[in-house]
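Taking it in order: structure first as structure tokens, then the write-up.
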Amino acid sequence: MKPKYLLHPIQAAKKAKALFTIWLGMWKFANHGDLRFKGDHRYDLQNVTDGFASRIDTTDDDTELLERICAAYRKANERQQSAPVAYRPTHRWEQIRQQRLGPVVQALLTRDIPALRAMYRNFFRDACSSGLLGAPFGLAKAYFGGNIKDLHRRFYLSHALYRYDYWKEQTDGRFPLRDLYGPGVGNPFGVQIDGTHIHVGAEYAHYCAHRIDSMLSAGPATVVEFGGGYGSMAYYLLRDRPELTYIDFDVPESIALSSYYLLKAFPSLEFLLYGEEELTGQAIARADVVLMPAFEIAAMPAASIDVSFSSNGISALSVEALKAYLKDIDRMTCDSFFSIGKKPTSESISELIAREHTSFQLAETRSSGWHSHKISGAGVGGAAGLAASTIFEQRYRRLDDCS
């Protein structure tokens, strides 16, 4: 315990209680995993040790790439100050930015390429990805500090195997394990199963990508994502779907990170970053990947998108901001809007679409187990905890001709 807590016994007690609660939850789930996966060849703690081993790639000179990202970020950061309120970062993101993202913001603004390179090459384990990634339960030292204790390995391996099995169930076993393998950018952590490294969140990102792919007709298509994070879903969609144009709108810090991830993963694709060219139909047609700050949504041409997608990307928006986003989605989406989010936001979206966007109709809704499967069957949190975190997948189909 840190010395400062010794001077504040109440804070020390709260800290100790929080740590004990975390430990107890991990212990319960680890024990549950021991029973659930007993005799399963995948339940080998060495798989976690191997999955968390450092794999930083230092083989290439990415100076030009990082200079390009800095230029786009500086322009977006300046323009954001005068952007409409609906497209500005949420209060939660501003807190993350102020508390955790200072070093990466400074590096981006000052074009400190060596510092930015060091953070981005290790972003899965660095504070520059705060709000998007993090060690389980926030225990960075426990997982990234060298030898991982058996309790932490048992917990993470159980968590990973539940999610992997759920992925197989949700995709009807159509994909081999190797399809979850990622590009290795950013020094990812996860588990190593049967020779395949599965980075954290890979199953969900792959699932979303192929749900979107199933909504697209054959041939060229354009997909927009709101809040694409560091680009995990986009990676699988671009890797597995030919003739695709992918567009992401997000806060400038996330756009900078996803630019690094996707540019490194797909060096042969044509990218358009903010400030390089106006966001016109011609510019989009020339690009494979378009990465823009959220305030550029209003510049999108009408009837230019086949599928719009959000996985919790619009969950934290105010009612007024949500209305603005749905208006843009209605204006530019010709086929489907696919939304994954918590129950309250999903209900708000349904009500707003039914009342104000009758060109769309709810075609499919299902309760998603992705969030609750982090604690599948373990009894951690109880039924009330699961109910509070209910996630819905909803697909809205356009009824009229948007051309």
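Kindly indicate whether any position in the range 176-189 is at pLDDT 95 or above, open to solvent by 40 Å² or more (accessible area, probe 1.4 Å), more than 30 Å from Pro267 (Cα to Cα) and outside any helix (DSSP H, G or I). No, that holds for no residue.
Okay, residues lined up against (1) farther than 28 Å from Thr59 by Cβ; (2) surrounded by 15 or more Cβ atoms within 10 Å (Cβ to Cβ); (3) modelled with pLDDT of 95 or more:
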position: Phe123; (1), (2), (3): no, yes, yes
position: Leu133; (1), (2), (3): no, yes, no
position: Gly138; (1), (2), (3): yes, no, no
position: Asn147; (1), (2), (3): no, no, no
position: Tyr162; (1), (2), (3): yes, yes, no
position: Arg174; (1), (2), (3): yes, no, yes
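Applying a threshold of 8 Å to beta carbon distances and a minimum spacing of six or more residues, or different chains, the list of pairs starting in the range 10-35 at a residue that is closer than 18 Å to Gly138 by Cα and ending at one that is of a type in the set (Ser, Thr, Tyr) reads Lys15/Tyr5; Phe29/Ser158; Ala30/Ser158. Among the strands (runs of 3 or more DSSP E) confined to the range 212-319, the ones with at least 3 residues that are surrounded by 24 or more Cβ atoms within 10 Å (Cβ to Cβ), at pLDDT 95 or above and not acidic (Asp, Glu) are located at 244-250, 289-293, 305-311.
Which is under 24 Å from the mean Cα position of the chain (by Cα) and open to solvent by less than 90 Å² (accessible area, probe 1.4 Å), of Gly25, Gly102, Gly39, Gly33? Explain how you work it out, then say what you get.
Numbers: Gly25 fails: under 24 Å from the mean Cα position of the chain (by Cα); Gly39 fails: under 24 Å from the mean Cα position of the chain (by Cα); Gly33 fails: under 24 Å from the mean Cα position of the chain (by Cα).
Answer to the selection: Gly102.
Checking each residue in the range 312-369 for being in contact with an Asp or Glu (Cβ under 8 Å, 6 or more places away or on another chain) and closer than 12 Å to Phe226 by Cβ picks out Gly313, Leu326, Thr333, Phe338, Ser339, Ile340.
Taking the stated definitions as given, is Lys75 assigned to a helix (DSSP H, G or I), among the charged types (D, E, K, R), more than 27 Å from Leu161 (Cα to Cα) and open to solvent by 80 Å² or more (accessible area, probe 1.4 Å)?
Details: assigned to a helix (DSSP H, G or I): yes; among the charged types (D, E, K, R): yes; more than 27 Å from Leu161 (Cα to Cα): yes; open to solvent by 80 Å² or more (accessible area, probe 1.4 Å): yes.
Considered against the rule, which asks whether it is assigned to a helix (DSSP H, G or I), among the charged types (D, E, K, R), more than 27 Å from Leu161 (Cα to Cα) and open to solvent by 80 Å² or more (accessible area, probe 1.4 Å), Lys75 comes out as yes.
Only residues that are without any contact (Cβ under 8 Å) to a residue 24 or more places away in the chain and either among the polar types (S, T, N, Q) or in contact with a Phe, Trp or Tyr (Cβ under 6 Å, 6 or more places away or on another chain) (or both): list them for the range 156-200, please. Of everything in the range 156-200, just one residue is without any contact (Cβ under 8 Å) to a residue 24 or more places away in the chain and either among the polar types (S, T, N, Q) or in contact with a Phe, Trp or Tyr (Cβ under 6 Å, 6 or more places away or on another chain) (or both), namely Thr196.
Given the structure, is Arg117 at pLDDT 95 or above, part of a helix (DSSP H, G or I), under 30 Å from Phe29 (Cα atoms) and open to solvent by less than 50 Å² (accessible area, probe 1.4 Å)? Here the answer is no, as Arg117 does not meet what is asked.
Take the conditions assigned to a helix (DSSP H, G or I), open to solvent by 50 Å² or more (accessible area, probe 1.4 Å) and at pLDDT below 95 and apply them to Arg92. Does it pass? Spelling it out, Arg92 is indeed assigned to a helix (DSSP H, G or I), open to solvent by 50 Å² or more (accessible area, probe 1.4 Å) and at pLDDT below 95.
Can you pull out every residue in the range 42-72 that is within 21 Å of Leu263 (Cβ to Cβ) and assigned to a helix (DSSP H, G or I)?
As a first pass, look at the range 42-72 and keep what is within 21 Å of Leu263 (Cβ to Cβ): 55-72.
Passing the criteria: Thr63, Glu64, Leu65, Leu66, Glu67, Arg68, Ile69, Cys70, Ala71, Ala72.
Residue-level check: of (1) without any contact (Cβ under 8 Å) to a residue 40 or more places away in the chain; (2) of a type in the set (Phe, Trp, Tyr); (3) under 24 Å from Pro84 (Cα atoms), Phe360 misses just (3).
The values are calculated or read from the model by the stated rules, or taken from the named source; none is laboratory data. Treat the numbers as computed from the prediction; the structure is a model and nothing was measured. As a convention, Cβ positions derive from the backbone with ideal geometry for all residues, glycine included, and neighbour counts pool all protein chains shown. For accessibility, only protein heavy atoms count, side chains too; no ligands or nucleic acids. Shrake-Rupley method; radii C 1.70, N 1.55, O 1.52, S 1.80 Å.
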